[in-house]
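Take a look at the structure below.
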Amino acid sequence: MKIKSLKLREAHKGSANASFCSILWDLNAHHLVTASSSEPSISIHDPLLPSNPPRVLRHHRDGVTALALSPNSTCLSSGSIDHSVKLYKFPGGEFETNITRFTLPIRALAFNKSGSMLAAAGDDEGIKLINTIDGSIARVLKGHRGPVTGLAFDPNGEYLASIDSIGTVIYWELQSGRTLYTLKGVAPDTGSDTSILNVLSWSPDGETLAVPGLKNDIVMYDRDTAEKLFTLRGDHTQPICFMSWSPNGKYMATSSLDKQILIWDVNRKQDIDRQKFDNRICCMAWKPIGNALAVIDVMGKYGVWESVVPSSMKSPTEDIPSSRSKNSNGLLFFDEEDEEDQELSMSGSLSDLGEDSHGESEPPSRKRLRKQSVIDDDQHEDVYNELNLCTKTEYRKKVHRINKESSDKERDGSRSMMTFRPKMQEAFQPGSTPPQPGKRNFLCYNMLGSITTIKHDEYSHIEIDFHDTSTGPRVPPMTDYYGFTMASLNENGSVFANPCKGEKNMSTLMYRPFSSWANNSEWYMRFEGEEVKAVALGGTWVAAVTSLNFLRIYTDGGLQKHILSLNGPVVTAAGFKDELAIVTHISDCLPSNEQMLEFRIFNISKGTQPFKGHLPLTPGSYLTWFGFTEEGQLSSYDSKGVLRVFTSQYGGNWLPLFSASKERKSGENYWVVGLNASKLFCIVCKNPDSFPQVLPKPVLTLLNLSFPLASSDLGEEALENEFMLNNLHLSQIQKRIEVMADEGLDTTPLDDEAFDIEAAQDRCIFRLIASCCNGDKLVRATELVKLLSVEKSVRGAIQLATALKLPILAERFNNILEERLQSKTEVLKTSLPRSKHDRNVKADVAASMALTATERNGDQTACLEDSREVNDAGKNAGPSQVKNLQTQRPSNPFLKLPNNQEEKKVEEVMSESQSQGPSNPFFKSSNKVGEATGIQQSHRPSNPFLKSTAK
Amino acid sequence: MAGQSDPHISLFSAEEVEFMAEDELIEIVPNMRMDPLNFICGDFGPFLPQIATQVPMWLAVALKKRGKCAIRPPLWMSVENLTKVLEGERDSQGAFQVLPFHYVEISRLLFDHARDDIPDMYMVRSLIEDIRDVRVHKVETSLEKFSGTSAVKIPNLSAMEVNIIRPFVGRALQAFYKHDNPEKIPDVDRASSGQTRVANNEPRRPLRR
């Protein structure tokens, strides 16, 4: 079984002792509610942004021992050691009422299915049933002899089950308030330790009640008869302290005093996964939509265990059963429920979308699985189950008829509540961290410096620091009465903005230059009925995007220059010199939880919009950073850790240049600060933190950019990555050269840079060729040779192929070299009538090049022929001949002058058709070795002046 | 301890040992921009603000004095690690825990020059002092016990500790050796007097200081 470790995040300051903590999901999984019995506060977390500080409700005067959320997630109730039960609105968290008081601490709370009734119990004698509408106490159920620690309303609304700390379970009939069954001593006696609470739970279909057993197991009791049905026994070595059914009732999570969580497939009665923790997990909750389990331990640390159920199995939220099951006949049980399940999965597809993409193909396979599971089951168990079902049939029929109407209504209600809408991402500033009470947080952190703020009672204190203390301007700290939450920083100044808080505190934009010749050159803008959502700063401009989807552009002096309307609500904005980039929402998110974002780049000084388009994100993620590289390339980073850089290749596209999942060492998060052409600058945060603290001062870490390459059969990902990166840089530089050349600027430094990269690229390709040759990927090797930019490298490749004894490959390389030379001479030819002198020199160089090439060729053929021709001298003559030619030619260009045109043709023909060389008349006239190599070799070295004379 | 109180007995003074320790590399986080420095001992840098880099201790201290960098305390200098080491030292009577050869000097330099860069400075300081005391005490007790051996092997001893005990151990060993076989060992002064070496096959061991 796979052992994963789950990082937990502190939700509540645990006291030194273990204390019982609670955790809950709301209906749409938008919120997680936690509480600890050692702390009076209740926290409402946003599971999408776990790093944001939770909303804290502090109404209790002592530790909160119990939480319950009404089934439609509009009402939260909490019970505390301070003896009170409180109701709040949810998710707002506004306190509503103290609905009841006890004389001793509360230990358990539960809402019934409709939310109309709340059961509360604790160390007091008696369970109180309270009408949530008027707060009246409907009934007090007395019967337990110890503190009641667990309460559960039957999903069908007939019964209440309760358990106490000495292990007694009681079934209550709600109608009459009578005790139906009392099961004494079925659960462990937890004694006086209030951090361990016995709990119990109905399966979502209401057919079984799960209770921790005495043998470190879970015992399932029948709904109507309270008979023991079966047990889940496995690897727990100590008593179970909490359990939770998956929303569809197919799985169960159990946590035990042995500090591990087991996930059970309830049908197969087998554990399918487990997780070990440092501390005992005292509460768990399945995510209502999705395959995840929220857990909290006795020290108040919580976490969400994602993909709990293996993807090969059914999702825990698939086929959520209706509260009323139809099984009237034990034998028909499976088929009937299947039908119903299918109906449900169709109707419930809205809620399931995104959780399982293979929803369509599920029903048949599920059927198979179920049948299999029956077979897998112990024969004995199976028979037992069926017998049981038969005996109960009569009774159930009656019950179901009574309940039919009401539960139908409930089902409709619950279905409409289950529709899940992913949230559109809120606006953010790149490089900002969420505010934390009592601590500084970053409003802006970039490669230049940082802006930090700390909130005091009436005002905030803002500091601006530059990383480079020796050159950056020194900016005095300032006191902020506006409560700025957005800021941006560059070398010239800083811009701040605050959201509006009520009518008195309007949204304000402030610009503060760092150095100005005039006094008092900072300026303010106030917005009425409008709120600044994002700010950006460029060379000579300030931009603010507001809630009315206006893009307002100011000069750095404060002149209101442009107001543009944007297409949708803004996500973020970034500036670099003249360029402003803005990300907006195009539409609501897709149901699969994909943010639909669009970016635009504006050139402020020219008043143009060079690019706009969709901003790609990894599915299911959101944008976390957006900005420019040091060279001015637009880049983005999403919550799944993929960095993308915008290039104009392919008409403007985003290249994934870094993937945290490939890089990530165990438990590290990367908080991006910036990047340059080859490195990513980020702050490494240890899990579960996803953002850095202001103190101690974060240190930047450099990570190499790398394409998310598939692992190829060559096994040279590093080289391939270098190859692609070099290509990218080259194309970027060439583009810049073009731009500069158009503007008539000097491109020499860029040319040099391009040359360096080309050289590096050749080296890289050369190594790739070598590994291709070794890996027997000859086609790939020839492709690579074509990409070499310098002829010298091609020659090297030929040598390499020869050395590796791959003559066919060497031959191919040769052909490539010839083609290249030929095309080059053609190019030269077309550009001939430029200037006479130039032409001569160029032609000359080309000629010598071509010659050496053919010479080499001849050399090889010579080698082949040598054996036949018995001309030993020829072999040695070959290389020296080349040298001769090369040295001789440039030295006497005038000799060749008259012959120039002719010779060019020669080369052309020659490289095209070396085989038919001898038949070509030009070969002889140029003296260029058209004849059999043997002859030529014999006389060449002897008379180096022959050529000129022959001409 | 024998040599501790009297600096003249040790081979090197504490300052000299510290000087040697200054060649150890340490990580700093500069707050300025500077090109790489090319020294005989190697190339260091480039220095970019907020990006950590490795430099020799002496350079780190020099930069720190000018307020140009923050020194990152080495990994072993954390409270957890030092607590563990201290426990280890106390538990095992014979063996010494693994610490950097120059741990005394490095920590001393950091305490002197980079107090603000060490989290829990006082805790770390007292832990290191405790560790040092425990180790020195252990060395002393183990020296009390040694007798008649021709060599002493103490793994994981640090520079400062070795420096303190080396002269004493050297001389003590020499003395033992002399007393054990008085006839074998010629006195250093009399060595030149041409006294014959004993026919014992034991090779002569030059005693190192």
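The values are calculated or read from the model by the stated rules, or taken from the named source; none is laboratory data. Bear in mind that the values here come from a model prediction, so they are computed numbers and not experimental data. Note that we place each Cβ from the backbone using ideal geometry, even for glycine, and neighbour counts take in every protein chain shown.
Values computed for the structure shown
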item: One residue from B:Ile118, B:Ile106 being within 14 Å of chain A (Cβ to nearest Cβ) and touching a helix residue (DSSP H, G or I) at 6+ places or on another chain (Cβ under 9 Å); result: B:Ile118
item: Unmet criterion (only one of (1) buried (at least 17 other Cβ atoms within 10 Å of the Cβ); (2) within 23 Å of A:Lys697 (Cβ to Cβ); (3) of a type in the set (A, V, I, L, M); (4) away from chain A (no Cβ under 14 Å)) for B:Leu86; result: (2)
item: Failed item, numbered, when A:Phe691 is tested on (1) under 18 Å from the mean Cα position of the chain (by Cα); (2) hydrophobic (A, V, I, L, M, F, W, C); (3) within 14 Å of another protein chain (Cβ to nearest Cβ); result: (3)
item: Any hit, region B:6-19, residues being crowded, with 18+ Cβ neighbours inside 10 Å, modelled with pLDDT of 90 or more and within 14 Å of chain A (Cβ to nearest Cβ); result: no
item: Positions within region A:227-255 being of a type in the set (Gly, Ala, Ser) and either modelled with pLDDT of 85 or more or not assigned by the TED database to the domain that holds A:Leu151 (or both), in sequence order; result: A:Ser244, A:Ser246, A:Gly249, A:Ala253, A:Ser255
item: Among (1) modelled with pLDDT of 85 or more; (2) assigned to a loop (DSSP other than H, G, I, E, B), the one test that A:Tyr511 misses; result: (2)
item: Strands (runs of 3 or more DSSP E) (entirely within region B:20-75) containing at least 1 residues that are in contact with a Pro (Cβ under 8 Å, 6 or more places away or on another chain) and within 14 Å of chain A (Cβ to nearest Cβ); result: B:25-30, B:53-56, B:69-72
item: Unique match (being among the polar types (S, T, N, Q), surrounded by fewer than 23 Cβ atoms within 10 Å (Cβ to Cβ), over 20 Å from A:Cys444 (Cβ atoms) and in contact (Cβ under 8 Å) with a residue 60 or more places away in the chain) among A:Thr618, A:Thr647; result: A:Thr647
item: Filtered residues of region A:44-62 (kept if closer than 18 Å to A:Asn441 by Cβ and not in a loop (DSSP other than H, G, I, E, B)); result: A:His45, A:Arg55, A:Val56
item: Subset of region A:703-718 that is under 20 Å from the mean Cα position of the chain (by Cα) and either free of Cβ contacts under 8 Å to residues at least 24 places away in the same chain or within 12 Å of chain B (Cβ to nearest Cβ) (or both) - its residue that is nearest to A:Leu675 (Cα to Cα); result: A:Leu703
item: Residue that is nearest to A:Arg552 (Cα to Cα) [pool: residues in region A:460-498 that are surrounded by fewer than 18 Cβ atoms within 10 Å (Cβ to Cβ), within 33 Å of the chain's Cα centre (by Cα) and more than 14 Å from every other protein chain (Cβ to nearest Cβ)]; result: A:Gly483
item: Any hit, region A:708-717, residues being on the phi < 0 side of the Ramachandran plot and in a helix (DSSP H, G or I); result: yes
item: Some residue of region A:56-69 being within 19 Å of A:Pro147 (Cβ to Cβ) and surrounded by fewer than 18 Cβ atoms within 10 Å (Cβ to Cβ); result: yes
item: Matching residues, region A:153-182, being farther than 15 Å from A:Ser201 by Cα and part of a strand (DSSP E or B); result: A:Glu173, A:Thr179, A:Leu180, A:Tyr181, A:Thr182
item: Qualifying residue in region A:755-763 (condition: closer than 27 Å to A:Ala677 by Cβ and touching a Lys or Arg at 6+ places or on another chain (Cβ under 8 Å)); result: no
item: Some residue of region A:738-756 being of a type in the set (Gly, Ala, Ser), surrounded by fewer than 18 Cβ atoms within 10 Å (Cβ to Cβ) and away from chain B (no Cβ under 14 Å); result: yes
item: Strands (runs of 3 or more DSSP E) contained in region A:63-113 and holding at least 2 residues of a type outside the set (A, V, I, L, M, F, W, C) and in contact (Cβ under 8 Å) with a residue 12 or more places away in the chain; result: A:75-80, A:84-89, A:95-101
item: Whichever residue in region B:43-58 is among the hydrophobic types (A, V, I, L, M, F, W, C) and either buried (at least 21 other Cβ atoms within 10 Å of the Cβ) or touching a residue at least 60 places away in the same chain (Cβ under 8 Å) (or both) and, among such residues, is nearest to B:Met20 (Cα to Cα); result: B:Met57
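To keep it simple, each residue is scored yes or no on (1) at pLDDT below 85; (2) over 30 Å from B:Asp35 (Cα atoms).
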{"site": "A:Arg421", "(1), (2)": "yes, yes"}
{"site": "A:Glu426", "(1), (2)": "no, yes"}
{"site": "A:Thr433", "(1), (2)": "no, yes"}
{"site": "A:Cys444", "(1), (2)": "no, no"}
{"site": "A:Ser450", "(1), (2)": "no, no"}
{"site": "A:Glu458", "(1), (2)": "yes, yes"}
{"site": "A:Ile462", "(1), (2)": "no, yes"}
{"site": "A:Asp465", "(1), (2)": "no, no"}
